[in-house]
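To start, the structure itself, in structure tokens.
The values are calculated or read from the model by the stated rules, or taken from the named source; none is laboratory data. For clarity, every value in this text was computed on a predicted model and none was experimentally measured. All Cβ positions, glycine included, derive from the backbone under ideal geometry; neighbour counts span all protein chains shown. Only protein heavy atoms, including side chains, enter the accessible area calculation; ligands, DNA and RNA are left aside. Shrake-Rupley method; radii C 1.70, N 1.55, O 1.52, S 1.80 Å.
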Amino acid sequence: MSSVADIPSEARCKQLVYELVTKQKHHECGQRIAWRYGRDYGWCRACRMKIRPKARTWFRGSKLRYRQLFCLLMAWQARQSPGSVRLVTGLSYTTIHRWYARFRQHLPPDGGELLSGVVAVDEAWFGKQRHSKRGKQTIVMGGIEVDTRRLRLQVIPDTEQDSIELFLETWVVRGRHLITDAHASYNGVEWLGYSREAYNHSTGHFGMSNHIECIWSAMKRHLRKLYGCVPTRHLALFLREWEARHNQRELFKSPLAYLRATVVTD
């Protein structure tokens, strides 16, 4: 599926969810199920049993139609703005934001492998302006493998040497080559066993550190597209989503790929 036009009919969406949950195309009695538009359930022609696929998933209780759920999921995967989704689905901004958050919450863990190879690392400030007196910013540190584009992101309390070194020891294999800026907090990484290549951003030299700088730019641009600002509330969930977009790309290929990995039967 690459556009809204590719989303199946309401009846077909219900059938797909049922097949994902039960791993079978027919009812338990072996008979075919009637999936009709306008009904929230399927109907077994033999045993006359009503079948509600949502009841066995984490989105049970939802009043949205199945096709609307598929549309919301595809829009979230494609990083569409709530305004565009609202025009297609007719849903409110509140509903769209709530479902976007649910999709993030149910992302499966990726295994937690450490970064290796050449790794570009940097910190970024999320929230209000860095020197604003009205609010305190949240600091996020990230590392990305230059070759594979695998990504690790984590909120850190400050940009002191201890916080940066703790991130490196947690997420980067020792002995790897680091691409950093000229911040003094990186001066001791060679003692920890890393090699380092530094670029002074204040003089306009970025070099290979552009790999992680582009991540910050894309993330903040997407947050402004979603919320009109760069919020820090629920930032950890958003960081988890961005990691998954790099480390678990198969989850974002289609709604079925995401549902296959996240829908859990009771």
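A few remarks follow.
- Boolean, Ala198 is open to solvent by less than 60 Å² (accessible area, probe 1.4 Å) and among the hydrophobic types (A, V, I, L, M, F, W, C): yes
- Residue in segment 64-83 that is over 21 Å from the mean Cα position of the chain (by Cα), aliphatic (A, V, I, L, M) and not in a helix (DSSP H, G or I) present: yes
- Of the criteria (1) modelled with pLDDT under 90; (2) in contact with a Gly (Cβ under 6 Å, 6 or more places away or on another chain), which one Tyr227 fails: (2)
- Candidate set: segment 222-266, residues that are assigned to a helix (DSSP H, G or I), open to solvent by 30 Å² or more (accessible area, probe 1.4 Å) and among the charged types (D, E, K, R); chosen: the one farthest from Arg60 (Cα to Cα): Arg224
- Hey, Asp162 modelled with pLDDT of 90 or more, open to solvent by 70 Å² or more (accessible area, probe 1.4 Å) and in a loop (DSSP other than H, G, I, E, B) or not: no
- Filtering segment 1-26 to residues that are part of a helix (DSSP H, G or I) and either of a type in the set (S, T, N, Q) or touching an Asp or Glu at 6+ places or on another chain (Cβ under 6 Å) (or both) leaves Gln15, Thr22.
- Segment 98-112, subset assigned to a loop (DSSP other than H, G, I, E, B) and within 14 Å of Leu153 (Cβ to Cβ), residue least open to solvent (accessible area, probe 1.4 Å): Leu107
- Restricting attention to segment 17-28 and to residues that are open to solvent by 20 Å² or more (accessible area, probe 1.4 Å) and more than 12 Å from Cys44 (Cβ to Cβ), the residue that is nearest to the chain's Cα centre (by Cα) turns out to be Leu20.
- Some residue of segment 168-189 being of a type outside the set (Ser, Thr, Tyr), assigned to a strand (DSSP E or B) and surrounded by fewer than 17 Cβ atoms within 10 Å (Cβ to Cβ): yes
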